[in-house]
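A quick write-up on the structure given underneath.
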Amino acid sequence: MRNAVLLPNDLVLTTDNSAAIGEKEADVVRVDDEVVAYFAARVALVEQWAAGAFPISIVLHNFSGNKSWEKYKVGIEKIFNELGQPCPVITGSTESNMETLQSAMAVTMIGERKRESDSACKWYVYGKPCVGEEVLMNLEKIADIKKIWNGITTGLVARVWPVGSAGIKEEFHQLGLHCHLQDWDILKSAGPATSVLLGVSTDRVEEAKLLFGKYFEGIN
């Protein structure tokens, strides 16, 4: 299940955090708080999918001050709007006693686990690794969350495995895969899951190529 934690009653916990990225003057990467929350929620959501789950509750941890809460909330809601799904209730807390010099936040999701597909699949890499400011500069190259969701709901995608800061090669290793990808940096961090490994049903490979497009490469 990668970085997901399996709780009792088939509940799954996933989380992602962000620091020094936001609207504060001392932040290393200056970007709207809404965007920060969107990408943190993206990682936690894809981790839910990797565990065969979908979130039913969201906890927002806000260390950036009261003015950031609503922006973070909107960013989280945006990703569910893109999927055409209702956003789970968002709860959490804000550090309002101490003013921080840099932004910091985290998104935690609790989801209900469903049975994982045991159908035969072929693994692909979808989306180029990007990190920091590269993410916003290369939106057309990163994995499209809505397309992945469409693949899951139609049965086209049997498995999902996000790529983290250790890069594509490390995720290959965790899955027991051996491969060579030309023109892909398999050691580079994928930041907020800009690259995702997808297990595609073997009888629907051509359909997957049409759905995911240019930055979709089979693992040899």
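Can you work out which of the residues in the range 182-196 that are surrounded by fewer than 24 Cβ atoms within 10 Å (Cβ to Cβ) and under 20 Å from Ala208 (Cβ atoms) is nearest to the chain's Cα centre (by Cα)? Going through the qualifying residues, I end up with Trp184.
So Ile168 passes all but one of these: (1) in contact with a helix residue (DSSP H, G or I) (Cβ under 8 Å, 6 or more places away or on another chain); (2) of a type outside the set (Phe, Trp, Tyr); (3) crowded, with 20+ Cβ neighbours inside 10 Å; (4) free of Cβ contacts under 8 Å to residues at least 60 places away in the same chain. Which condition number does it fail? Every condition holds for Ile168 apart from (1).
Would you confirm, using the coordinates I've provided, whether Gly151 is surrounded by 20 or more Cβ atoms within 10 Å (Cβ to Cβ), among the small types (Gly, Ala, Ser) and either at pLDDT 95 or above or over 30 Å from Val31 (Cα atoms) (or both)? Lay out the reasoning, then the answer.
Numbers: surrounded by 20 or more Cβ atoms within 10 Å (Cβ to Cβ): yes; among the small types (Gly, Ala, Ser): yes; either at pLDDT 95 or above or over 30 Å from Val31 (Cα atoms) (or both): yes.
Judged against the criteria, Gly151 is a match.
For the range 178-220, the set of residues classified as acidic (Asp, Glu) and either modelled with pLDDT under 95 or in a strand (DSSP E or B) (or both) consists of Asp183, Asp185, Asp203, Glu217, listed by residue number. The set of residues from the range 86-118 being part of a loop (DSSP other than H, G, I, E, B), at pLDDT 95 or above and small (Gly, Ala, Ser) comprises just one member, Ser103. Has the range 143-164 got at least one residue that is under 19 Å from Gly213 (Cβ atoms), out of contact with any Ser or Thr (no Cβ under 8 Å at 6 or more places or on another chain), without any contact (Cβ under 8 Å) to a residue 24 or more places away in the chain and not in a loop (DSSP other than H, G, I, E, B)? Yes, there is a match, as at least one residue in the range 143-164 is under 19 Å from Gly213 (Cβ atoms), out of contact with any Ser or Thr (no Cβ under 8 Å at 6 or more places or on another chain), without any contact (Cβ under 8 Å) to a residue 24 or more places away in the chain and not in a loop (DSSP other than H, G, I, E, B). Among the residues of the range 125-146, those that are buried (at least 20 other Cβ atoms within 10 Å of the Cβ) and of a type outside the set (Val, Ile, Thr) comprise Tyr126, Gly127, Lys128, Pro129, Cys130, Ala143. If you filter the range 25-68 down to residues that are more than 18 Å from Glu133 (Cα to Cα), free of Cβ contacts under 8 Å to residues at least 60 places away in the same chain and in contact with a helix residue (DSSP H, G or I) (Cβ under 9 Å, 6 or more places away or on another chain), you find that the one that is surrounded by the fewest Cβ atoms within 10 Å (Cβ to Cβ) is Lys67.
Scan the range 1-24 residue by residue and report those that are at pLDDT 95 or above, surrounded by fewer than 19 Cβ atoms within 10 Å (Cβ to Cβ), aliphatic (A, V, I, L, M) and not in a loop (DSSP other than H, G, I, E, B). The answer is Leu11, Ala19. Quick test for you: out of Tyr72, Tyr126, pick the one residue that is aromatic (Phe, Trp, Tyr) and closer than 15 Å to Gly22 by Cα. Of the residues listed, the single one that is aromatic (Phe, Trp, Tyr) and closer than 15 Å to Gly22 by Cα is Tyr72. Output the residue which, of all residues in the range 119-137 that are in contact with a Ser or Thr (Cβ under 8 Å, 6 or more places away or on another chain) and assigned to a loop (DSSP other than H, G, I, E, B), is farthest from Leu156 (Cα to Cα). Among those that are in contact with a Ser or Thr (Cβ under 8 Å, 6 or more places away or on another chain) and assigned to a loop (DSSP other than H, G, I, E, B), it is Val131.
The values are calculated or read from the model by the stated rules, or taken from the named source; none is laboratory data. Since the structure is predicted, the reported quantities are computational estimates derived from the model, not experimental observations. Please note: Cβ atoms are built from the backbone with ideal geometry, for glycine as well, and neighbour counts cover all protein chains shown.
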